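One structure below.
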Amino acid sequence: MSIKSRKVAIIGTGLVGSSCAYALVNQGICEEIIMIDINKDRAKSEALDLMHSVEYMSLRTKIRVGSYEDCNDVDAVVITAGPPPQPGQTRLDTLEVSVKICNSIVEPVMKSGFNGFFILASNPVDVISYHVLKLSGLPKNKVIGTGTALDTARLKSIISEKLGGIDTKSIQAFAMGEHGDSQMVPWSCVTVAGESFLKLVSNYNKIEEDNLDDIVKETAKAGWEIINGKGSTYYGIGATVVGVLKAIFHDEKKVIPVSALLEGEYEQNDVYMGVPSILGKNGIEKIIELDMKEKEKYEFNNSANILKEYIAKLGY
Ligand code: NAD
């Protein structure tokens, strides 16, 4: 009998990286986690702290500090290294530094012989995902940005609250486009337990259709609200990364709005952005094309244009 154990390397073991690792350990998603950071003391301390949690977890995950050479046989490399945007900055403002950090990571990872999935969380995540695709030479299905997956969780939580607390898992809704200010929501495709959300809204006295733009803004600004109070956001993205890895490792065929390369889908080309995608053992197996209304298409294309402007700065 051959036993396959799943290995994940996390590069950047700051708040986001360590939260991803904790969510991985807590949910028992893989057998081994390799923690890599330019700050070796940080990586070592996080690895130790996590190791001490394993006694009380359901799976005996091995956690250790490692180096880029160790990525040769890992199933997934999660990149969470990067400067968190400061108040007053947008995620796009961190591009230059994030690109330099990425360059120092992707080359040695590929040199190790790595042939697994890249999961990108570093911001600006859509542009960084495009960069990693080009740098790594891996196929597009294996280079996956967290995209608007976290925004979608935030959106569903706001909708749930507006509808009196209905379970977010009974709401089918997606934030799409940039993981940033230009993201949009195709409201005509939102359903609650099979019922059109727009129809529900027109019968519901708490939400007017005019308030929908406010919900989109509230979703896009949710990260800032957290940053204003505690400086960073990390639990939500930690769980999001694990949701993506779980869908791949368990071949769930789960639809998650990750950042994916568009090649004709939504009439867009050569841009990474958040779109509902089927995730399974091959990574991004299919992009779901929603039938959007004209206004929604306009908003989606506007987000694509903003991302393309930043992708152009990469100089490909
Ligand atoms: P942090 O400062 O706590 O951690 C960053 C870590 O990266 C540090 O430990 C640092 O030593 C490490 N690092 C820096 N340069 C490195 C290099 N060249 N090689 C290896 N490691 C290096 O920051 P954080 O709060 O964990 O945020 C990390 C990234 O995650 C940021 O880009 C942030 O914007 C992003 N983020 C993304 C989402 C999302 O939804 N995609 C959500 C939250 C945060």
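Observations, loosely collected:
- Residue list for the stretch 138-168, filter: touching a strand residue (DSSP E or B) at 6+ places or on another chain (Cβ under 8 Å) and not in a helix (DSSP H, G or I): Leu138, Val143, Ile144, Gly145, Thr146, Gly147, Thr148, Leu163, Ile166
- Subset tally (residues that are in a loop (DSSP other than H, G, I, E, B), at pLDDT below 95 and either surrounded by 13 or more Cβ atoms within 10 Å (Cβ to Cβ) or on the phi < 0 side of the Ramachandran plot (or both)) for the stretch 186-232: 6
- Filter result (surrounded by fewer than 19 Cβ atoms within 10 Å (Cβ to Cβ) and either of a type in the set (S, T, N, Q) or touching a Leu at 6+ places or on another chain (Cβ under 6 Å) (or both)) within the stretch 65-96: Ser67, Asn72, Gln86, Gln89, Thr90
- Within the stretch 231-263, considering residues that are among the polar types (S, T, N, Q) and out of contact with any strand residue (DSSP E or B) (no Cβ under 8 Å at 6 or more places or on another chain), the one nearest to Ile144 (Cα to Cα): Thr240
- Enumeration of residues in the stretch 33-47 that are open to solvent by less than 80 Å² (accessible area, probe 1.4 Å) and either charged (D, E, K, R) or near the ligand (Cβ under 9 Å from one of its atoms) (or both): Ile36, Asp37, Asn39, Ala43, Glu46
- Count - residues of the stretch 22-40 that are small (Gly, Ala, Ser) and touching a helix residue (DSSP H, G or I) at 6+ places or on another chain (Cβ under 9 Å): 1
- Note on the stretch 1-15: residues that are assigned to a strand (DSSP E or B) and either of a type in the set (Ser, Thr, Tyr) or away from the ligand (no atom under 16 Å from the Cβ) (or both) amount to 1.
- Residues of the stretch 132-148 classified as within 14 Å of the ligand (Cβ to nearest atom) and open to solvent by less than 10 Å² (accessible area, probe 1.4 Å), total: 6
- Which listed residue is away from the ligand (no atom under 16 Å from the Cβ), assigned by TED's automatic domain parsing to the domain that holds Leu200 and open to solvent by less than 20 Å² (accessible area, probe 1.4 Å), from Ile159, Ile166: Ile159
- Selection within the stretch 4-32 - open to solvent by 30 Å² or more (accessible area, probe 1.4 Å) and either within 22 Å of Ala121 (Cα to Cα) or touching a Lys or Arg at 6+ places or on another chain (Cβ under 7 Å) (or both): Arg6, Lys7, Leu15, Val16, Tyr22, Asn26, Gln27, Glu31
- Lys111 being open to solvent by 40 Å² or more (accessible area, probe 1.4 Å), within 28 Å of Tyr266 (Cβ to Cβ) and not acidic (Asp, Glu): no
- On inspection, Leu135 does not qualify as farther than 13 Å from Gly274 by Cβ, in a helix (DSSP H, G or I) and at pLDDT below 95.
- Check on Lys62, in contact with a strand residue (DSSP E or B) (Cβ under 9 Å, 6 or more places away or on another chain), open to solvent by 20 Å² or more (accessible area, probe 1.4 Å), within 12 Å of the ligand (Cβ to nearest atom) and among the basic types (Lys, Arg): no
- Considering the stretch 242-315, the qualifying strands (runs of 3 or more DSSP E), each wholly inside and each with 3 or more residues that are in contact (Cβ under 8 Å) with a residue 24 or more places away in the chain and buried (at least 24 other Cβ atoms within 10 Å of the Cβ), run over 254-263, 269-280.
Here's the yes/no breakdown for (1) over 22 Å from the mean Cα position of the chain (by Cα); (2) more than 11 Å from the ligand (Cβ to nearest atom):
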| site | (1), (2) |
| --- | --- |
| Tyr22 | no, yes |
| Asp49 | yes, yes |
| Ser58 | yes, yes |
| Asn72 | yes, yes |
| Pro83 | no, no |
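The values are calculated or read from the model by the stated rules, or taken from the named source; none is laboratory data. What you are looking at is a predicted structure, and each value in this text was computed from that prediction instead of being measured. So basically every Cβ, Gly included, is an ideal-geometry build from the backbone, and we count neighbours across all protein chains shown. Keep in mind that these areas ignore ligands, DNA and RNA; they rest on the heavy atoms of the full protein, side chains included. Shrake-Rupley method; radii C 1.70, N 1.55, O 1.52, S 1.80 Å.
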